[in-house]
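Engineer: Dropping the structure in here first, questions after.
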Ligand code: CP
């Protein structure tokens, strides 16, 4: 396990753009480094000097509550300076290109840009055009690597391991960056990944990512050690993918009655924001299986680890 503040000699990546390209060893380095940083948040003075003098810019061109707050706190706990801006409050809204905006920020001496953007590949574009590190905080329906990592961290914390577990992902798989990052990461660490949702919300050829597909919750639930429940991404969908929200909730909503068929020790996860009463009932969201708020807590340690590693990779 990495020691706090010790250089991660094995880590060589300047950017974190997705989990698709990472090896199982690299995933383990991030999770082990996060483990070593978790304790910082339990201290009376929640701060270490590890990234003193570094500048982290939070460029959130799409809305966020959890991720932006978590990255901001993570950078602060490592003593980095942070600047945060959104689309409305920046010159992006005046027509400046993303690359021009980012180059101007870089010219002020920033070390890491954390980018959330609605366009898949936007962080990759910045990584190709900038000298500083780029961390993907969610790019359209493509990837959300730190969410995938914090989900894996939470599973490992609760179950002690990931290999050999069956992890279910339920709901809107097609438009979910969280689903993609979870699938890439979990399969590399040896989990069996099963997905469940209406056929219109499961992408064609998803089996090629190494997952099994179900369309019936009552067959799916008893298989799972963990169920990660996804929000219906109405902002990314075309209409007509299911008859109505009420119909979706009836057929694919996770409720207490359905969980009577679950394995003992089932973990219920949700990346948020949650649509209570649609994909998950309040009784399940707040019930004994739920680790939803643990995910959020663990996100801080995971993002501290990611900022530390990408900064270290540049020497
Ligand atoms: N899970 C997640 O990405 O939440 P936010 O959109 O609030 O950042």
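Engineer: Using R₀ = 45 Å, calculate the FRET efficiency as 1/(1 + (r/R₀)^6) where r is the Cβ-Cβ separation of residue 43 and residue 104; round to 0.05.
Structural biologist: With a Förster radius of 45 Å, E is 0.80.
Engineer: Also, quick follow-up: Suppose R0 equals 22 Å. What FRET efficiency, 1/(1 + (r/R0)^6) with r the Cβ-Cβ distance, do residue 32 and residue 65 give to the nearest 0.05?
Structural biologist: 0.20
Engineer: Can you give me the distance in nm between label points at residue 286 and residue 129, each placed 7 Å from the Cα along the Cα-to-Cβ direction?
Structural biologist: 4.6
Engineer: Using alpha carbons only, how many degrees (0 to 90, rounded to 10) separate the axis of helix 292-313 from the longest principal axis of the chain?
Structural biologist: Around 40 degrees separate the two axes.
Engineer: Once you order the gyration tensor axes a ≥ b ≥ c over the Cα atoms, which shape class does region 101-203 get: rounded for a/c under 1.5, otherwise prolate or oblate by comparing a/b with b/c?
Structural biologist: Cα axes put region 101-203 in the oblate bin.
Engineer: What percent of all Cα-Cα pairs in the chain falls into each 20 Å bin, going from 0 up to the bin containing the maximum distance?
Structural biologist: Calculated over all Cα pairs of the chain, the distribution is 34, 57, 9 percent.
Engineer: Which one of 59, 108, 269 has the biggest mean-square fluctuation once the chain is modelled by GNM with Cα springs under 10 Å?
Structural biologist: Among 59, 108, 269, the largest mean-square fluctuation in the Gaussian network model of the chain belongs to 108.
Engineer: Helix 177-188 against the longest principal axis of the chain: what's the angle in degrees, Cα atoms only, rounded to the nearest 10?
Structural biologist: Approximately 90 degrees, to the nearest ten.
Engineer: For the residue pair residue 158 and residue 264, what label-to-label distance in nm results when each label sits 7 Å from Cα along the Cα-to-beta-carbon direction?
Structural biologist: 1.7
Engineer: Nearest 5 is fine: what % of DSSP beta bridges in region 129-236 come out antiparallel, could you say?
Structural biologist: 5
Engineer: Still on this model: What ranking of 224, 311 emerges when the number of other C-beta atoms within 10 Å of each C-beta is taken as an exposure proxy, fewest first?
Structural biologist: Going from sparsest to densest Cβ surroundings: 311, 224.
Engineer: Quick one: helix 24-38 against the long Cα principal axis of the chain, what's the angle to the nearest 10°, folded into 0 to 90?
Structural biologist: On a 0 to 90 degree scale, this one is about 80.
Engineer: Most mobile of 157, 208, 39 per a Gaussian network model of the chain (Cα springs, under 10 Å)?
Structural biologist: 208
Engineer: Distance from the Cα centre of region 22-49 to that of region 210-279, in angstrom?
Structural biologist: One Cα centre to the other: 30 Å.
Engineer: Rounded to the nearest 0.05, what FRET efficiency do residue 245 and residue 21 give with R0 = 30 Å and r taken as the Cβ-Cβ distance? Could you check?
Structural biologist: 0.25
Engineer: Then there is this: Highest GNM mean-square fluctuation, the chain, Cα pairs closer than 10 Å: which of 90, 41, 176?
Structural biologist: Top of the fluctuation ranking is 90.
Laboratory data are not the source of any read-out in this text; all were calculated from the coordinates shown. Keep in mind the model is a prediction, meaning the values are calculated, not measured. Heads up, the Cβs are rebuilt from the backbone with ideal geometry, glycines too, and the neighbour counts pull from every protein chain shown.
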